[in-house]
1. Looking only at residues in segment A:100-114 that are surrounded by fewer than 24 Cβ atoms within 10 Å (Cβ to Cβ) and not in a helix (DSSP H, G or I), which one is farthest from the other protein chains (Cβ to nearest Cβ)?
2. Would you call residue A:185 out of contact with any Leu (no Cβ under 9 Å at 6 or more places or on another chain) and at pLDDT 95 or above?
3. Tell me, please, whether a residue that is open to solvent by less than 50 Å² (accessible area, probe 1.4 Å), touching a helix residue (DSSP H, G or I) at 6+ places or on another chain (Cβ under 7 Å) and more than 24 Å from residue C:98 (Cα to Cα) can be found in segment D:188-205.
4. Any residue that is within 11 Å of another protein chain (Cβ to nearest Cβ) and within 17 Å of residue B:189 (Cβ to Cβ) - is there at least one of those in segment B:6-17?
5. With the requirement that a residue be more than 8 Å from chain D (Cβ to nearest Cβ), touching a residue at least 12 places away in the same chain (Cβ under 8 Å) and either assigned to a loop (DSSP other than H, G, I, E, B) or surrounded by fewer than 17 Cβ atoms within 10 Å (Cβ to Cβ) (or both), what does segment A:206-217 give you?
6. Need the failing condition index for residue A:233 against (1) within 14 Å of chain D (Cβ to nearest Cβ); (2) assigned to a helix (DSSP H, G or I); (3) without any contact (Cβ under 8 Å) to a residue 60 or more places away in the chain; (4) of a type in the set (S, T, N, Q), just the number.
7. Enumerate the pairs (first residue in segment B:143-162 and more than 25 Å from residue C:230 (Cα to Cα); second residue anywhere and among the aromatic types (Phe, Trp, Tyr) and in a helix (DSSP H, G or I)) with beta-carbon separation below 8 Å, excluding pairs fewer than 6 apart on the same chain, so at least 6 apart or on different chains.
8. Report, by residue number, each residue of segment D:15-50 that is farther than 18 Å from residue D:90 by Cβ and more than 18 Å from the chain's Cα centre (by Cα).
4 protein chains.
Amino acid sequence: MSTKYKSLKEECYEANMELPALDLVVYTFGNVSAVDRSAGVFAIKPSGVPYDDLRWQDIVIVDLDNNVIEGNMRPSSDTKTHAYLYTEWEHIGGISHTHATYSVAWAQAQRDIPIFGTTHADHLTTDIPCAPPMSDELIAGNYEHMTGQQILDCFSDKGISYEEVEMVLLGNHGPFTWGKNAAKAVYNSKVLEELAKMAYLTLQINPAAPRLKDALIKKHYERKHGKNAYYGQE
Amino acid sequence: MSTKYKSLKEECYEANMELPALDLVVYTFGNVSAVDRSAGVFAIKPSGVPYDDLRWQDIVIVDLDNNVIEGNMRPSSDTKTHAYLYTEWEHIGGISHTHATYSVAWAQAQRDIPIFGTTHADHLTTDIPCAPPMSDELIAGNYEHMTGQQILDCFSDKGISYEEVEMVLLGNHGPFTWGKNAAKAVYNSKVLEELAKMAYLTLQINPAAPRLKDALIKKHYERKHGKNAYYGQE
Amino acid sequence: MSTKYKSLKEECYEANMELPALDLVVYTFGNVSAVDRSAGVFAIKPSGVPYDDLRWQDIVIVDLDNNVIEGNMRPSSDTKTHAYLYTEWEHIGGISHTHATYSVAWAQAQRDIPIFGTTHADHLTTDIPCAPPMSDELIAGNYEHMTGQQILDCFSDKGISYEEVEMVLLGNHGPFTWGKNAAKAVYNSKVLEELAKMAYLTLQINPAAPRLKDALIKKHYERKHGKNAYYGQE
Amino acid sequence: MSTKYKSLKEECYEANMELPALDLVVYTFGNVSAVDRSAGVFAIKPSGVPYDDLRWQDIVIVDLDNNVIEGNMRPSSDTKTHAYLYTEWEHIGGISHTHATYSVAWAQAQRDIPIFGTTHADHLTTDIPCAPPMSDELIAGNYEHMTGQQILDCFSDKGISYEEVEMVLLGNHGPFTWGKNAAKAVYNSKVLEELAKMAYLTLQINPAAPRLKDALIKKHYERKHGKNAYYGQE
């Protein structure tokens, strides 16, 4: 297969294959995309194809207006949500969507995940937002497009930034995560699932568990992401 | 082994072997069957044989009156339930029965599984029904035959159709699922177990979690199963 | 290694190795024994040896008075409990002891596991008994010997038989199971762990979940163990 | 690579690699160190390196004043906590830090883990202490150094000894464990995670579950660690 999008498709393929490897999906319950900003296109999983059968050649190339540019298969049914986020958020390179168990449970419970500890603060300094379900009017319209709008409205209402908070729960639905590339988006899906499980257990053990104190939130985030960060090798 | 039922036995064998691979059974706690409508027979797992020892040659062929047509082993003790459902429901091709943990827990709790999210709505538009336990009179009679009747009564009482709702919980017992073939029946067993776990966690996080709103139920089901479905590759 | 107990040691070794394979133990948290009634001895795991290092040659042969008959290693610290049960219960051939998670949780909660469903009734017709913790006096004495007495007292108080109920929880401690041979004892350890998890989840979903009705208890047990049993290949 | 610290680095590397093998970490969420008392240095995981990529050559050698003695990579961001504990506690040889799920949940709930059973008593005779979160003043200062102080204050306040209690939870953060060497420290991380899960389930089944009685605490600990211990092969 000769294609100028080979490396983009491969990046997308490898990130998608991480989902079952990390126990984040069964069957076809997820999709990951990777964007090429200079070409104005993104690569995304084809719809309804089991991970066991997926090959890099099956990945579909779509432009930001949702036109299929290359590929014989229909792209993920969530494609318009991906396109919307890429259009609105210029600094992201990849998006991941799963139906991972604990993340979905919080989304179905329609609750933000409270920041209870430093595992959470190592990644973001706020509760993980849960967007309220869409209005009936929007559901009846361009649903997957409006799902992107639903995420943006949530971030706007809460006054948080997509560059600082790389994950969201959609009420009644499940998680979307993103990052500088597709691999980071999938990493965030796994981190979210771990945080969702830890927070669930924390509330079972102590329903009055306090949120992490501000000084610790700041300290942990700064040591990993601040100007004088000293976590990691850079 | 020369048999005209080889492909039917193989379909049944492969579907049965998916149960341990998907973590839906331990030991011998499950059975799957596949029907051949034109021959008027179905293939089913032999009773009490561990999955590690099972070979396709061990699968038993039974007719819809529960007579063994081919096979040296005794068929599953649940055979009459399978026969009853194949007789009453002409559009199903396979049936799966497990004692998967979360599905059994809801069955033992004797509660329908509420439709809390889109993972559920992608597969069915109603709560997953839990049939009330059988009366003592029926238990004392032709038990496994009456188990089939118990399922039909439940669907009739709730006004739901076996073609739209491909799964049921038997109160105090466990799940039965079905589909166009044995593989789809097993797929539904796994989906049910995931939905059962997600719903359990949802209620732990928010005991007042609302059911999914009607507009979203309709939207998700339609995009996967409706006339203008756009999920999957055809 | 020349020994007349080779096959007994191998049976014991293989049953012990099932414990980690079935996710019932970590490190050295368990032990299985197998008895040879004609020789008046039993084979048991050596104390504190990790499963990864265990060889069949390490298994220790002990008589019913707790004397080591063959073997260079010290037998399990629970050996006297095994010896006591073999002495008192002439129809058992193997004993298994684990610290499996859900079984231990019920033991620590000091509650019998209610019979909530047919998975349970397929194996026994009563709640799974939890023996109350030992008195301080007995603990200070011959502790592991008295652990055997603790089990017998529990069965006597509840009016149940070791031949019908092949498992017990020791309050604050954990499960012991037994059976016609060591493999069956381990099978019962796994079944108990599954029942413990299902019952835990059942109560979380419905704290008022009813016990299984008597007619169903009887029906399921009879079809597997009764005079006219029709489960399995007999 | 020629280094006089090869065996120390290898001990540290192997102990670190046990963390993902025992399901105690995902990604880079943990670190283990091993000390060489005669050389006055310890070996520790480099910061932010995924376990899949880690080689023994990457392990960093640090002295007790936190100076890097050998290694091209930055040591774990928790290095000062390790150094502090090695300096204060002369009889420990290894330290392990994870973000294991159930351990973190108790730390986030800010509760000591009650001693509910003999699995716990086989390892320590007290509740597992949870240190209260640090004051804002200390957080703003030399954070990782003060984390060591936080642990010592907790042990001092509770009147317990690091030689008898080889594990602690840091409120809002997670577990630290230690032992005579790095392998034992990791063993204690796994034991703590198991005890955390068992205690969580115990409270779910019986919120009024009693602590283990003193006579049993003493008996189980003595048989494994007392003067006349008869557990294991020593």
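1. Across segment A:100-114, the extreme among qualifying residues is A:112.
2. Judged against the criteria, residue A:185 is a match.
3. No, segment D:188-205 contains no residue that is open to solvent by less than 50 Å² (accessible area, probe 1.4 Å), touching a helix residue (DSSP H, G or I) at 6+ places or on another chain (Cβ under 7 Å) and more than 24 Å from residue C:98 (Cα to Cα).
4. no
5. Hit for segment A:206-217 is A:211, nothing else.
6. (2)
7. B:161/B:155; B:162/B:155
8. Passing the criteria: D:27, D:48, D:49, D:50.
The values are calculated or read from the model by the stated rules, or taken from the named source; none is laboratory data. Note that the structure is predicted; figures quoted are calculated from it, not measured. Virtual Cβ from ideal backbone geometry, glycine too; neighbours counted across all protein chains shown. Protein only, heavy atoms only, side chains kept; ligands, DNA and RNA dropped before computing areas. Shrake-Rupley method; radii C 1.70, N 1.55, O 1.52, S 1.80 Å.
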